[in-house]
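The values are calculated or read from the model by the stated rules, or taken from the named source; none is laboratory data. Since we're looking at a predicted model, the values are computed, not measured. Cβ: placed from backbone, ideal geometry, glycine included. Neighbour counts: every protein chain shown.
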Amino acid sequence: MRKRAYGLLLPVLLAGLCLAAAGERQAPVASPPPLQVRSPDVFQALRQEMVEGAIIGWGIQSPDVIRAMGVVPRHVFVPDEYLDQAYANHPLPIGHGQTISQPYIVALMTQELEVQSGDRVLEIGTGSGYQAAVLAACGLEVFSIEVIGSLVEVAQAQLEEAGYQQVQIRHADGYWGWPEAAPFDGIIVTAAPDHVPQPLLGQLKVGGVLVIPVGPPGGYQELWRIERLAEADYRSTSLGGVRFVPLTRTEDAGSD
Ligand code: SAH
């Protein structure tokens, strides 16, 4: 018995010595643990600051949107190397030359859809999955299309981790919309085409709203809110200048 006990004790003591040695090499000033290992409370506090400063402070008024921005864990949707900026009010790289949008823009576009819990919404440009999560947190039935296959997988995993696995994602060119799931109460496009895709206008319900940035890649783009007033009647309102990654087209997507 005693022999066995010593056998266990020695590795434990050695491990302790190694840890102590490692500890001595660290900087004398205590630094905070990396964000990955901080408690969820830290992220919640940062998120609350973001909601007060960049969402309510910048003029977002919809209670549903404010609530959604306060619950969706944005840190789950940003790459580890940018965790410390997860709740800053600017876009962040997510790989493949793409970005997760600025929190204020996510909130503004969601608010401008003017949809209600239970409505059906299409997003073009899933990216990280964050915008889709915010839509789902507003109680919407979310369909989202992403053209880059590896981003579809990452977004799916991140949505699951955040608790929004009900979002349906399709790997395709979003220019053509999602005809089988149409018509939609709202459509939100998070990459900029140089013209408004006709198929998306056709997949809106009468009374539905399309929110879309339009303009040349890297140039001046304008964010539009387009409401379908009747079968063949649309009203466009400008929401101002924005900068989005371009809506890219797949080669086999047709010539339209
Ligand atoms: N809504 C995203 C922002 C993504 S950036 C988020 O919350 O993180 C824009 C995304 O649009 C990119 O992931 C890009 O790959 C995608 N995209 C570009 N062209 C597309 C197209 N034709 N169809 C679908 N997605 C497209």
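A few remarks follow.
- Residue in segment 113-122 that is in contact (Cβ under 8 Å) with a residue 24 or more places away in the chain, within 12 Å of the ligand (Cβ to nearest atom) and closer than 19 Å to Leu247 by Cβ present: yes
- Among residues of segment 230-256 that are among the basic types (Lys, Arg) and within 16 Å of the ligand (Cβ to nearest atom), those with a beta-carbon under 7 Å from a residue that is modelled with pLDDT of 95 or more and assigned to a loop (DSSP other than H, G, I, E, B) at least six positions away or on a different chain give the pairs Arg249/Asp173.
- As a summary of the residue check, Ile188 satisfies the conditions (1) in contact with a helix residue (DSSP H, G or I) (Cβ under 9 Å, 6 or more places away or on another chain); (2) in a helix (DSSP H, G or I) except for the one numbered (2).
- Flag for Thr126 being among the polar types (S, T, N, Q), assigned to a loop (DSSP other than H, G, I, E, B) and in contact with a Ser or Thr (Cβ under 8 Å, 6 or more places away or on another chain): yes
- Conditions (1) touching a Phe, Trp or Tyr at 6+ places or on another chain (Cβ under 6 Å); (2) touching a residue at least 40 places away in the same chain (Cβ under 8 Å); number of the one not met by Gly177: (1)
- Residues that are of a type in the set (A, V, I, L, M), assigned to a helix (DSSP H, G or I), free of Cβ contacts under 8 Å to residues at least 40 places away in the same chain and more than 10 Å from the ligand (Cβ to nearest atom) occur at least once in segment 198-209.
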